[in-house]
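The values are calculated or read from the model by the stated rules, or taken from the named source; none is laboratory data. Not measured: the values here are computed from a predicted model. A quick note on method: Cβ atoms are made from the backbone with ideal geometry, for glycine too, and the neighbour counts reach across all protein chains shown. Heavy atoms of the whole protein, side chains included, go into the accessibility calculation; ligands, DNA and RNA do not. Shrake-Rupley method; radii C 1.70, N 1.55, O 1.52, S 1.80 Å.
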Amino acid sequence: MDTYSFEIRTSSKDEEKAAKACLTEHAAEVAGLALKRRSNEPRTMWDDDLPFAVLVRSHDRIVGGLIGKIFFNWLDAELVWLEKPFRRSGIGKAVLSKVEEKACAIGLTGIYLWTQSWQAPGFYRKLGYEQFAEFENFPPGHRRFGFRKYL
């Protein structure tokens with residue numbers, strides 16, 4: 001029987017690369033996922049993520065928007081924000097509308113995001129996003145919500 005030990009530390013880039021390669025191999029075997037090849041380099045399912053953004057400009061600067069990535073056929077909305085003076089003006093709703101329009105146009109299945117109890121869970125519910133997860137005490141005294149919307 002093999003012996004093993006555990007290490008608790010920060011991982012290296014090479015270790016992260018090896019983990020992604022292992023998960024990609026498993027996804028290809030079990031889910032039949034094929035990756036687009038751009039070179040002879042080994043690819044992982046994370047290599048095909050595409051950046052995605054809808055940004056709001058006021059005068060000469062960005063004041064809000066959505067920044068994320070396309071992961072498989074879903075938009076992972078990583079950052080959704082609007083500076084305080086622009087909130088409650090309809091701009092946030094307009095941003096999500098443009099995001100959904102573009103996501104539909106490129107054939108995505110849906111959009112998912114995470115938000116905190118002090119941020120905008122009610123906003124996403126009003127726009128038809130469905131809550132799929134909730135973590136209590138994340139951070140202590142607050143909650144974290146996962147929302148999704150099928151397109």
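Give the residues of the stretch 127-151 that are loosely packed, with under 13 Cβ neighbours inside 10 Å, in contact with a Gly (Cβ under 9 Å, 6 or more places away or on another chain) and of a type in the set (D, E, K, R), sorted by residue number.
Step one: list which residues in the stretch 127-151 are loosely packed, with under 13 Cβ neighbours inside 10 Å, which gives 128, 132-134, 136-137, 139-141, 150.
So of that shortlist, the ones also in contact with a Gly (Cβ under 9 Å, 6 or more places away or on another chain) come out as 132-134, 150.
Glu134 - this is the single residue of the stretch 127-151 that is loosely packed, with under 13 Cβ neighbours inside 10 Å, in contact with a Gly (Cβ under 9 Å, 6 or more places away or on another chain) and of a type in the set (D, E, K, R).
Only residues that are open to solvent by less than 100 Å² (accessible area, probe 1.4 Å) and of a type outside the set (Gly, Ala, Ser): list them for the stretch 74-89, please.
Of the residues in the stretch 74-89, the ones open to solvent by less than 100 Å² (accessible area, probe 1.4 Å) are 74-83, 86, 89.
Within the stretch 74-89, Trp74, Leu75, Asp76, Glu78, Leu79, Val80, Trp81, Leu82, Glu83, Phe86 qualify.
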